[in-house]
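Working notes, structure below.
Read-outs throughout are calculated quantities, based only on the coordinates presented, and are distinct from any laboratory measurement. Source: prediction; values computed, not measured. Neighbour counts are summed over all protein chains in view; Cβ atoms, including those assigned to glycine, are modelled from backbone coordinates with ideal geometry.
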Amino acid sequence: MYKLIVTDLDGTLLNSHGEVSKTNIDTIKLAISKGVEVILASGRPVEAMRNYALEIGASKYIISGNGAIIYNLEKNKIVYKKQIKKTRVEQIAKACEENSIFYCVYTKDKILTKSLDYSLLFFYAENTRKPQEKQTRIEVIPNLLEYIREHSNEEYFKISIFDKDRSVFGSIMRKLKKVKNVDILQVEHMSTKLVKLEDKEIKLEYFYTEITAKNINKWTALKFLLRRFRIRKKNVIAIGDNFNDKEMLEKCGMGVVMGNSTPNMRMIGKLLTSSNDDDGVAKAVKKLVL
């Protein structure tokens, strides 16, 4: 019997327009009414996740920053956090600046970036279609490295790095692997996103990686919560679509992979469901829980 569902947001619970469908909402609320716990786990900052959690009735905890933060929604406080050391953040940002590589850094509440490009452009376009309380907060800082150096009290939980060229991206990846005490997400494929701005549709294609503190991922954060809930991993359903979901899909009792996932990801889970635009989460929950 499954007692807890943990689901990713982008490419999983959210459709291509960054929305949770009514079918997904109703199905998850029905599962919660039957005593099943539901947790959102995403790379997004806490404030960009809060209202999605409340919308589906998952009002206890959220896992943010790919596992770097666990936030208690009922008490409005962080109960677990593993930030990247400031010296490491500065080292990575400096390497990106020296090699003209685009990067952004995540705090608890917002994303800091030098400009709107890659996934930041996607979030910006998504924000234009959403009420303020559901927007991802983005702060554009032209001299981001200087900001990192000057703001010694700021806490950073994730760094994302992007480039369009495979060889250029491969070069920065080799440099990043020399940075100690961080985990670097290995994404083998080129990511594609369609961004709608006013009457234009822009196709974004890029290689990317995400960096967290050492031994931090969605599964390590989830293990912390399983102890609180006194739930065994065999009683957990994990749903995701991308490489930052890999560990929790492998470790949980039932790993559900979205139909819009890459072929490599589809080999990881135990169950393949429909795409994020075809209520794949709801279909999996109905099959496994309801």
> Percent antiparallel among DSSP beta bridges with both residues in the range 1-121, to the nearest 5?
Replying inline: 65
> Among GLN91, GLN132, GLN186, which one shows the biggest mean-square fluctuation in a GNM of the chain, springs joining Cα atoms closer than 10 Å?
Replying inline: GLN132
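Filter the trypsin sites (Lys or Arg not before Pro) in the range 1-48 to those in DSSP coil with at most 11 other Cβ atoms within 10 Å of their Cβ, and list the result. Can you show the working numbers first?
Working: sites: LYS3, LYS22, LYS29, LYS34; in loops: LYS3, LYS34.
Within the range 1-48, the qualifying trypsin sites (Lys or Arg not before Pro) (loop, at most 11 other Cβ atoms within 10 Å) are LYS34.
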> Using a Gaussian network model of the chain with C-alpha springs under 10 Å, which one of GLY269, GLY35, GLY43 is most mobile by mean-square fluctuation?
Replying inline: GLY35
> Where in the range 164-189 is the amide nitrogen less than 13 Å from a point lying 7 Å along the Cα-to-Cβ axis of ASN99?
Replying inline: 164-179
>> Quick one: the Cα spread of the range 1-138 along its three principal axes, in angstroms, biggest first?
In response: 54, 32, 25
> If you add up the charges near LYS164, with Lys and Arg at +1 and Asp and Glu at -1, over every other residue whose beta carbon is less than 12 angstrom from its beta carbon, what do you get?
Replying inline: -2
>> Can you order the peptides 246-258, 277-289 by their average number of other Cβ atoms within 10 Å per residue, highest first?
In response: 246-258, 277-289
> Quick one: Karplus J couplings for the range 104-116, per residue in order, coefficients 6.51, -1.76, 1.60, θ = phi - 60°, nearest Hz, x for Gly and Pro?
Replying inline: 8, 10, 10, 9, 4, 10, 8, 10, 9, 8, 7, 6, 8
> What translational D, rounded to a whole number of µm²/s, comes out for the range 86-213 from Stokes-Einstein when the hydrodynamic radius is the Kirkwood one over Cα pairs, at 10 °C and 1.306 mPa s?
Replying inline: 104
> Which cross-chain or sequence-distant (5 or more) residues have an amide H under 5 Å from the amide H of ILE39, H modelled 1.01 Å from N in plane?
Replying inline: ILE5, VAL6, THR7
> Which of LYS178, LYS223, LYS214 moves most in a GNM of the chain, Cα contacts under 10 Å?
Replying inline: LYS178
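Residue separation times 0.36 nm, minus the C-alpha to C-alpha distance between ARG174 and HIS189: what's the value?
Numbers: separation 15, 0.36 × 15 = 5.40 nm, distance 1.66 nm.
Fully extending the segment from ARG174 to HIS189 adds 3.7 nm.
Note down, for the chain, the three equivalent ellipsoid semi-axes (square root of 5 times each alpha carbon gyration tensor eigenvalue), biggest first, whole angstrom.
On the way: eigenvalues 174, 85, 70 Å².
Sorted largest first and rounded, they come to 30, 21, 19 Å.
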>> Please list, in order along the range 80-94, the HN-Hα scalar couplings obtained from phi with the Karplus expression 6.51 cos²θ - 1.76 cosθ + 1.60 (θ = phi - 60°), rounded to whole Hz, x for Gly and Pro.
In response: 7, 8, 9, 7, 7, 4, 4, 5, 6, 4, 5, 4, 5, 4, 4
>> 5 Å is the cut-off here: which amide hydrogens, built 1.01 Å from N in the peptide plane, fall below it relative to LYS158, excluding neighbours closer than 5 in sequence?
In response: TYR106
>> Please give the Cα centre distance for the range 1-37 versus the range 212-290, rounded to the nearest Å.
In response: 12
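Show that you can apply the helix-only estimate: for the chain, add -39,500 (n - 2.57) for every DSSP H stretch of four or more residues, divide by all residues, and state [θ] at 222 nm to the nearest 500.
Values: 10 runs with 90 residues, N = 290.
Result for the chain: -9000 deg cm²/dmol, rounded to the nearest 500.
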> Residue-wise, which Karplus ³J(HN,Hα) couplings in Hz belong to the range 243-254, taking 6.51 cos²θ - 1.76 cosθ + 1.60, θ = phi - 60°, and x for glycine or proline?
Replying inline: 5, 7, 9, 4, 4, 6, 5, 6, 8, 6, x, 9
> Counting Lys and Arg as +1 and Asp and Glu as -1, what is the net charge of the other residues whose Cβ lies under 15 Å from the Cβ of GLY35?
Replying inline: +4
